[in-house]
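First the structure, in the form of structure tokens, and then the observations on it.
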Amino acid sequence: MNQHDKWSGAIGMVVGLAFCIASVSLGLGEVHQPGPGFLPFLVGAALLFLSAIIFFPALRKGKMTNEETIARGMGKYQKGGLILLALVFYNLALSFLGFSLTTFLFVAFLMKIVETQRWTRTIVTALCSAVGFYFVFRSWLMLDLPTGPWGF
Amino acid sequence: MEVLQHLIIGFRVILDPMNLLLCFLGCLGGTLVGVLPGFGPVAAMALLLPSTFHLSPVSAIIMLSGIYYGAMYGGSTTSILVNIPGETASVVTCLDGYQMARKGRAGPALGMAAFASFIAGTIGVIGLMLLAPPLARFALQFGPPEYFSLMFLGLTMVSYLTQGSMIKAFIMAALGLLLSFIGTDVISGVSRFTYDFIELREGVGIIPILMGVFGVAEIFSNAEEEMGRKVFTAEIKGLLPTRKDWIQSKWALLRGSLIGFFLGILPGGGAVIASFVSYAVEKRFSKHPQDFGTGIIEGVAGPESANNSATAGAFIPLLTLGIPGNAVTALLLGAFLIHGTQPGPLMMERAPDLFWGIIASMYVGNIILLVLNLPLIGIWVRILRVPYSILSSLILMFCIVGAYSLNNSLWDIAIMIFFGVLGHVMKKAGFEGAPMILSLVIGQMFENAFRQSLLLGDGSFLIFIKRPISAVLVIISVFLIFTATFRKRLPQTIQ
């Protein structure tokens, strides 16, 4: 937990400080006429202070045997990384490929590469998701989903 | 009989065929997301929010509320049969529920969970019906300082009741407030912290963040921990608990309902904590505490009643003060605002059909859910047998569509992905999402109340302690912060 606390504390302090500085340039105003930066400054300062409470004790106690847990854990991040990749792809491809094709590719990738399923199950799930989501959300719930150059 | 007249107004609303259908759909959807592990009521409500745009406010809220309390019914099914909580408020149900299933008593466990949910849900609605009107009248005296102190108390309470470190919870609350400041400042019209991003002018969307923190992050967590999911395959028979079961659980039911209801009212309380506390209390009161965890019916009845009455309790601050106490009611507040209504002390006067319609829908919803969860239990068991690989892709798709469809914007999907990663990493470092979501939602109200109070008080912070109601709220907050250092943490007490 110490390693976590050290990093989260440090990041929290940086974020808090950044908000404080940005709030000053927005204008703090005065106490009887608080400006747009007034409360953000206070909350930023609170974040800075609270993160420091987490950060400094962790720094002092730090240096636990974290290397081994990190080394052992590398493999399990692979799956999460692939899911992240798929999500980013979805976001980038949606406006070019349209909803149905992107969904098909996305689900197929998750099923085949991330979950290593058989091809038949992969194709069937991907196809059903692409068609099913299209019908439920576009035709039935009437949401505005992007279409590709081929109209679906 | 003022209450009776009001109830008639409410039932007139809910017995409209369209509203009845939506209530049913909400309950059905709620049970479904309750059953599915890794996809909770918050994400489901956020997903369905855009599809309620063309409905009337009352229909929209009726459906969304149905998802909320429906999920509490469905969550127990997964806990009992798979030993994985269908959603977080059913974590404790695993302890004795799954053991009962292993002893071949899955039927009575499921049955008791459904009956406990029904009884407690109904007790909760009665409490809500009786307590909300006087509270709303009291809240009419509130000015900006009282609202500010109340919201401050809410944030303190959420952090106090969190299961991890209180400092970390406070950090999350501060982060949520800072996120809520991003966008155009309503009072001065200045763009704050938006830099060159036009998308940020309107603020960071709450829905994409919710989808990220409660949906996508969950998928990431599951990807790291391979969980063994073994559905209890044996035929489930005899759903009705025996006479002995009833005698054993009657006090657990009653205590669970009361604990749940009152903890539900507290900001930051809600169903999760209520179920934990109920289990701990039952163990304390029991003549045979050593049997807890071996599959005894009180261990199912108590927490299952607590998490249901807590949902009713959680509606009280939302409907009477307009302030949400947890992530789900925060989302409901968002739904109210989108539909152009502001819940709060005046709602009962101005929109009685809305207020009483919601209450009446809960009575009806509880009956619908009892039917959905007893005779139709087989359907839900079958859904549990769908492989997780398929479920997880579907859940991700739901999150994407939910984040996108509110504004039809790819930016919102990007925000969702970002907060999915962030939420996952933060959870691993011991930071919980709930305080951030709550402060993000109330951030604007919080700041407005703060600035108006300072104007009223002529630039003095003393206004928060000069006014009696506000002073009491401030004192409670300070007291909580002070005692937090010396308290025992919740998870330790249930061990």
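General remarks:
- Against the list (1) over 30 Å from residue A:2 (Cα atoms); (2) modelled with pLDDT under 90; (3) in contact with a Phe, Trp or Tyr (Cβ under 6 Å, 6 or more places away or on another chain); (4) not hydrophobic (A, V, I, L, M, F, W, C), the condition residue B:104 fails is (3).
- The set of residues from region B:155-168 being assigned to a helix (DSSP H, G or I) and of a type in the set (Gly, Ala, Ser) comprises just one member, B:159.
- Scanning region A:117-150 for residues that are without any contact (Cβ under 8 Å) to a residue 24 or more places away in the chain, part of a loop (DSSP other than H, G, I, E, B) and under 21 Å from residue B:410 (Cα atoms) returns A:141, A:142, A:143, A:144.
- Where a residue in region B:169-186 is closer than 23 Å to residue B:427 by Cα and at the interface with chain A (Cβ under 7 Å from one of its Cβ atoms) and its partner, wherever it lies, is surrounded by 24 or more Cβ atoms within 10 Å (Cβ to Cβ) and of a type in the set (S, T, N, Q), with Cβ under 7 Å and at least six apart: B:170/B:159; B:171/A:51; B:177/B:439
- Output for region A:81-116, where each listed residue is touching a residue at least 24 places away in the same chain (Cβ under 8 Å), facing another protein chain (nearest Cβ under 7 Å) and of a type in the set (A, V, I, L, M): A:83, A:94, A:110
- Of residues in region B:397-406 being more than 13 Å from residue A:108 (Cα to Cα) and within 7 Å of chain A (Cβ to nearest Cβ), the one surrounded by the most Cβ atoms within 10 Å (Cβ to Cβ): B:400
- Flag: residue B:43 does not match the condition of being of a type in the set (A, V, I, L, M, F, W, C) and within 14 Å of chain A (Cβ to nearest Cβ).
- Among the candidates B:481, B:475, residue that is within 23 Å of residue B:330 (Cβ to Cβ), surrounded by fewer than 20 Cβ atoms within 10 Å (Cβ to Cβ) and more than 11 Å from chain A (Cβ to nearest Cβ): B:481
- Residue B:75 vs. criteria closer than 17 Å to residue B:370 by Cα and either modelled with pLDDT of 85 or more or in contact with a helix residue (DSSP H, G or I) (Cβ under 7 Å, 6 or more places away or on another chain) (or both): yes
- Restricted to helices (runs of 4 or more DSSP H) entirely inside region B:277-387, those with at least 1 residues that are of a type in the set (Gly, Ala, Ser) and within 22 Å of the chain's Cα centre (by Cα) are B:298-321, B:327-338, B:352-373.
- Region B:416-425, residues that are in contact (Cβ under 8 Å) with a residue 60 or more places away in the chain and either surrounded by 20 or more Cβ atoms within 10 Å (Cβ to Cβ) or at the interface with another protein chain (Cβ under 9 Å from one of its Cβ atoms) (or both): B:416, B:417, B:419, B:420, B:421, B:423, B:424
- Of all residue pairs spaced 6 or more apart or on separate chains, those with beta-carbon atoms under 6 Å, a first member in region A:27-48 that is more than 7 Å from chain B (Cβ to nearest Cβ) and a second member that is of a type in the set (S, T, N, Q) are A:37/A:23; A:41/A:23.
- Within region B:376-387, the set of residues being buried (at least 19 other Cβ atoms within 10 Å of the Cβ) and facing another protein chain (nearest Cβ under 10 Å) is empty.
- Residue B:152 vs. criteria buried (at least 24 other Cβ atoms within 10 Å of the Cβ), assigned to a helix (DSSP H, G or I) and within 14 Å of chain A (Cβ to nearest Cβ): no
- Lone qualifier among A:31, A:88, A:24, A:15 - being over 21 Å from the mean Cα position of the chain (by Cα) and either modelled with pLDDT of 80 or more or crowded, with 18+ Cβ neighbours inside 10 Å (or both): A:24
- Some residue of region B:426-433 being within 13 Å of chain A (Cβ to nearest Cβ) and within 30 Å of residue B:135 (Cβ to Cβ): yes
The values are calculated or read from the model by the stated rules, or taken from the named source; none is laboratory data. All values reported here derive from a predicted model rather than from experimental measurement. Note: ideal-geometry Cβ built from the backbone for every residue, glycine included; neighbour counts use all protein chains shown.
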